[in-house]
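The values are calculated or read from the model by the stated rules, or taken from the named source; none is laboratory data. These figures come from a predicted structure and were not determined experimentally. Cβ coordinates were reconstructed from backbone atoms using ideal geometry, including for glycine residues, and neighbour counts include every protein chain displayed. Areas reflect the complete protein model, heavy atoms only, side chains present, ligands, DNA and RNA absent. Shrake-Rupley method; radii C 1.70, N 1.55, O 1.52, S 1.80 Å.
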Amino acid sequence: MPVTHPVGATRHSKTPKRGAVGEPSPSSVPLRSRAFGFLDRHFAVVLILPGFLWLAGLLLYPVGLNAYYSFTNKSITFPGVDWVGFENYREILVDGIFWDAAINSFWWTLLGVGGQLVFALFSALALERVTRGRGLLRLLLTLPWMFSSVVVASSWRLMLDPFVGVINGILVDVGLINEPLSWFGDAGRAFPTAIALNIWFGIPFMLVAILAGLQTIDRALYEAADVDGASYWQQVWHITLPGLRSVIGTLIILRTIWVANNFDFIFLTTGGGPRDSSITVPVYAFRVGWTRFDVGQMAAVSMILITILVALIGVFLRLFPIDREVTDG
């Protein structure tokens, strides 16, 4: 029997038309209601946007201005700014002192970050095996990080002073040295001493982070390893280190940025001397900018350092994918 439709009806009459009763068209919704609806759907973005814009301006403006100055002859002593292209970069790259500073910065960063990581890792593993007084030991080991680098550098320079320093007095009394040594005044000792102090100062930060990472490793893995007869160091190699991979990767990235850019520690202890034996790239940039008052070249030095650090961070992110646990889950 053929199906008939009411007069004026079609097969698509069941689909409500735009603007039908009970479904107002967007044009008929008040502007205020639409605005509140938009805010409701994007409330998180609205809350984050002011802070994000402020942070972006705070970071991008000085970096952009610095990049612009690196291609000019900007100076503190002379007015006016002229475009010089890559002339600042050319003068820097032919300066032998810059290359001495670059080599020192390489060793300063490599030995500083590597030493901090090794000592912090072994200290954290040792603390995990302590049953009594663990809280006190943690407090004592994190004391250096409670003080600013300016205070630490000034204090160590005073303690290592060859005339009034307490360290020389103790070493002479116990017979390790025959006479007080000039730790920061000798070209052969100044830079290694500064590196040792940098390692000592950075250990607490890595120690706290590694201790926190150790708490996230499932203890059942160690229990299963004990049942299988794995030794302690086998458990460290196959369970602890893989479990700390993201933590270690984050620490390496952060400390590489901070140590490579560190200025005050070298400047307050050795000043880059003696005879430029301990000069690093940040100290070199300071000399160019505040001794020769050449802001353009100082900006070029900083842009070279930024470029190298960005490249290193890219390599580290490939070696230590920080979000591996999140993406794999």
- Message: Counting just the Cα atoms, what span does the range 219-288 cover along each of its three principal axes? Round to the nearest Å and put the largest first.
- Response: 62, 21, 14
- Protection proxy ranking of 250-260, 150-160, 70-80 - average other beta-carbon atoms within 10 Å, highest first: 250-260, 150-160, 70-80
- The answer for Thr72, listing residues at least 5 apart or on another chain whose modeled amide H is closer than 5 Å to its amide H, is Val84
- the chain: most fluctuating residue of Gly115, Gly37, Gly188 per GNM, C-alpha cutoff 10 Å: Gly37
- Of Asn178, Asn168, Asn261, which is the most mobile in a GNM of the chain whose springs link Cα atoms less than 10 angstrom apart? Asn178
- Item | For the range 233-327: Kirkwood Rh in Å [reciprocal of mean 1/r, alpha carbons] | 15.7 Å
- Query: Measuring with a 1.4 Å probe in the full set of protein chains, what accessible area per residue, in whole Å², belongs to the range 220-313?
  - Reply: 46 Å²
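Using the Kirkwood radius over Cα pairs, work out the Stokes-Einstein diffusion coefficient for the range 272-322 at 25 °C and 0.890 mPa s, in µm²/s as a whole number. Let's see the in-between values first.
Numbers: Rh = 12.4 Å.
D = 199 µm²/s.
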- Note on the structure: Rounded to two decimals, the Debye log10 I(q)/I(0) of the chain (Cα scatterers, no solvent) at q = 0.07, 0.12 Å⁻¹ is -0.50, -1.04
- Query: Kirkwood-based Rg over Rh for the range 212-252 (C-alpha set), two decimals?
  - Reply: 1.01
- Query: Remind me, what semi-axes does the range 248-287 give for its equivalent ellipsoid, largest first in whole Å, using sqrt of 5 times each Cα gyration tensor eigenvalue?
  - Reply: 23, 9, 8
- Item | Listed residues Phe267, Met146, Ala187: farthest to the positive end of the dipole of the chain (Cβ charges) | Met146
- Message: Report the Cα-based extents of the range 90-129 along its three principal axes, largest first, to the nearest Å.
- Response: 55, 12, 6
- Note on the structure: Inter-part gap, Cα centre of the range 66-101 to Cα centre of the range 232-311, in whole angstrom, is 21 Å
- Query: Tell me, what is the per residue accessible area of the range 41-93 in Å², probe radius 1.4 Å?
  - Reply: 78 Å²
- Note on the structure: With the range 52-130 reduced to its Cα atoms and the Debye formula applied, log10 I(q)/I(0) at q = 0.11, 0.18 1/Å amounts to -0.61, -0.94
- Can you give the helix-only mean residue ellipticity at 222 nm for the chain, where every DSSP H stretch with n ≥ 4 adds -39500 (n - 2.57) and the sum goes over all residues, rounded to the nearest 500 deg cm²/dmol? -20000 deg cm²/dmol
- Note on the structure: In order over the range 238-255: 3J(HN,Hα) from phi, Karplus 6.51/-1.76/1.60, θ = phi - 60°, whole Hz, x for each Gly or Pro, gives 9, 10, 5, 4, x, x, 9, 4, 5, 5, 5, x, 5, 5, 4, 5, 5, 5
- Pop out the ³J(HN,Hα) list for the range 151-156 in order, Karplus 6.51 cos²θ - 1.76 cosθ + 1.60 with θ = phi - 60°, rounded to Hz; leave Gly and Pro as x. 5, 5, 5, 5, 5, 5
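If you average the sequence gap of Cα pairs under 8 Å that are 6 or more apart and divide by the length of the range 268-317, what percent do you get for the contact order? Intermediate results must be reported in sequence, preceding the final value.
Working: 25 pairs, mean separation 11.0, N = 50.
Rounded, it is 22 percent for the range 268-317.
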- Query: Round to a whole number: what % of the accessible area of the chain belongs to carbon and sulfur, probe 1.4 Å?
  - Reply: 68 percent
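Counting only C-alpha contacts under 8 Å and six or more residues apart, can you give the relative contact order of the range 148-267 as a whole percent?
Details: 65 pairs, mean separation 29.9, N = 120.
The normalised contact order for the range 148-267 reaches 25 percent.
Would you mind counting up the charge near Thr269? Only other residues with Cβ under 15 Å from its Cβ, with Lys and Arg at +1 and Asp and Glu at -1.
Working: positive: Arg157, Arg189; negative: Asp161, Asp186, Asp264, Asp276.
Residues near Thr269 contribute -2 overall.
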- May I ask you to evaluate 6.51 cos²θ - 1.76 cosθ + 1.60, the Karplus curve with θ = phi - 60°, for each residue of the range 97-107 and list the ³J(HN,Hα) values in order in whole Hz, giving x for glycine and proline? 5, 4, 5, 4, 5, 5, 5, 4, 5, 4, 5
- Query: Tell me, what is the per residue accessible area of the range 98-199 in Å², probe radius 1.4 Å?
  - Reply: 58 Å²
